[in-house]
Amino acid sequence: AQSVTQPDIHITVSEGASLELRCNYSYGATPYLFWYVQSPGQGLQLLLKYFSGDTLVQGIKGFEAEFKRSQSSFNLRKPSVHWSDAAEYFCAVGAKNTGNQFYFGTGTSLTVIP
Amino acid sequence: NAGVTQTPKFQVLKTGQSMTLQCAQDMNHNSMYWYRQDPGMGLRLIYYSASEGTTDKGEVPNGYNVSRLNKREFSLRLESAAPSQTSVYFCASSERQGGPYGYTFGSGTRLTVV
């Protein structure tokens, strides 16, 4: 069965510092991978997605993520964090034969220190 | 703004009461979904509708029913609310079932059952 693990429940970084949020998935074939961001009191917004091709994908708000098949990972990165990036981040995995079943990780809460 | 609209935003119910959560999208998406979000558990799929006229159970369907009223609207009904259904509910839509299509989420309904 498919699953997604986000090992870090909470991360704190200083504004201007780099960021990496970890995501590991379990799936036999090449999955579709997504990162979403949720600001307080809001719904989830799609940051970026990977489904084929170049393993380094660019998203909105200056985020990028790299698909590493050998490590079953899809980590989210940003070179310089802004205070407005404070939010909850969710990794999700889906695939053709899962139909509608997107599996979401439990989320990583990001705090940005001025 | 185009997107997914959920109503109401907040609701308090007494145990045993019923209510319907409304969801509408204006992006001409075929597929719609209902998720619940609980602390530390990420998002869990309640029901989904791959296309107009079809609905299917997700991971946690017990205690809920859904109706795909038309292509735009997908409602979630709690027939007899229980405290365990206290949660934040999100409606989402996507262009099609499965595949590399990301979801567009509504802003959520915060439901408390007392």
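The values are calculated or read from the model by the stated rules, or taken from the named source; none is laboratory data. Fair warning: this is a prediction, and the values are worked out from it, not measured in the lab. Heads up, the Cβs are rebuilt from the backbone with ideal geometry, glycines too, and the neighbour counts pull from every protein chain shown.
Residue-wise test of (1) within 9 Å of chain A (Cβ to nearest Cβ); (2) polar (S, T, N, Q).
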site: B:18; (1), (2): no, yes
site: B:21; (1), (2): no, no
site: B:27; (1), (2): no, no
site: B:31; (1), (2): yes, yes
site: B:68; (1), (2): no, no
site: B:88; (1), (2): no, no
site: B:102; (1), (2): yes, no
site: B:112; (1), (2): no, yes
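Candidates in the stretch A:45-90 are the residues that are within 12 Å of chain B (Cβ to nearest Cβ) and assigned to a loop (DSSP other than H, G, I, E, B); of these, the one that is farthest from residue B:105 (Cα to Cα) is A:53. Considering A:16, A:28, which residue is outside any strand (DSSP E or B) and modelled with pLDDT of 90 or more? Checking each option against the conditions leaves just A:16. Residues that are of a type in the set (Gly, Ala, Ser) and more than 12 Å from chain A (Cβ to nearest Cβ) were ranked within the stretch B:33-66; the one that is nearest to the chain's Cα centre (by Cα) is B:63. The listed residues are A:57, A:81, and the only one of them that is out of contact with any Ser or Thr (no Cβ under 8 Å at 6 or more places or on another chain), surrounded by 14 or more Cβ atoms within 10 Å (Cβ to Cβ) and among the β-branched types (Val, Ile, Thr) turns out to be A:57.
Okay, residues lined up against (1) at pLDDT below 95; (2) aliphatic (A, V, I, L, M); (3) in a strand (DSSP E or B); (4) out of contact with any strand residue (DSSP E or B) (no Cβ under 8 Å at 6 or more places or on another chain):
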{"site": "B:61", "(1), (2), (3), (4)": "no, no, no, no"}
{"site": "B:71", "(1), (2), (3), (4)": "no, no, no, yes"}
{"site": "B:81", "(1), (2), (3), (4)": "no, yes, no, no"}
{"site": "B:89", "(1), (2), (3), (4)": "no, no, yes, no"}
{"site": "B:96", "(1), (2), (3), (4)": "yes, no, no, no"}
{"site": "B:111", "(1), (2), (3), (4)": "no, yes, yes, no"}
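Scanning the stretch B:31-43 for residues that are surrounded by fewer than 17 Cβ atoms within 10 Å (Cβ to Cβ) and in contact with a strand residue (DSSP E or B) (Cβ under 8 Å, 6 or more places away or on another chain) yields one hit, B:38. What about residue A:37, is it crowded, with 17+ Cβ neighbours inside 10 Å, over 10 Å from the mean Cα position of the chain (by Cα) and among the β-branched types (Val, Ile, Thr)? When the stated conditions are applied, residue A:37 does not pass them.
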